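**Q** The structure is given below, and queries will be raised subsequently.
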Amino acid sequence: MQRPLAIVCLMAVCLAGTAQAQSYPSFVAALNQPTFSRLNAVVSTLGLTQTFSNPALKVTVFVPTNTGFSAAEKATGISFATLQSQKSLLQQIVYYHIVKQVVKAPLPAGPLPTFVTGKDLKGAGNKVIGIGSSANIVQPNVPCGQGIAHAIDNVLLFLSLGGR
């Protein structure tokens, strides 16, 4: 009786492994979902909508979910409203979430160069590690034009504020 159950479980694992993530023509199209409304607002506030609409953008973007923003608020004590009012800092935080090449998950161990000079992220399988925080990938390998997005459960910080 256990053998058929084991075969069914193995088939389920194999089928789950072949499921394709939804594909989007650009990063802006992917962000146009309720779970990413905060990052979508940030992109708009910073005037980056046109940049992230480019389907030829060959980068990796780590996309914090709204829950990820809430986790960062709790860990740092900095509210989303306060962060949005600090455009220069906000822009650096956004650029820290962008890797200069397409990198699929599981992430390779080692440095992942970002658009913040001298501030790399580190790959660790289904985790990305920043200087002041880390995040788990909750939705990997989402095609966005020629780039790729990974939804994450925290905001990555390029400086230590005492967060996770």
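Laboratory data are not the source of any read-out in this text; all were calculated from the coordinates shown. For clarity, every value in this text was computed on a predicted model and none was experimentally measured.
**Q** Compute the Kirkwood hydrodynamic radius of segment 23-152, taking the inverse of the mean of 1/r over all pairs of distinct Cα atoms, and give it in Å to one decimal.
**A** For segment 23-152, the Kirkwood estimate is 14.6 Å.
**Q** Antiparallel as a % of all DSSP beta bridges within segment 23-152, to the nearest 5?
**A** So the antiparallel bridges in segment 23-152 amount to around 75 percent.
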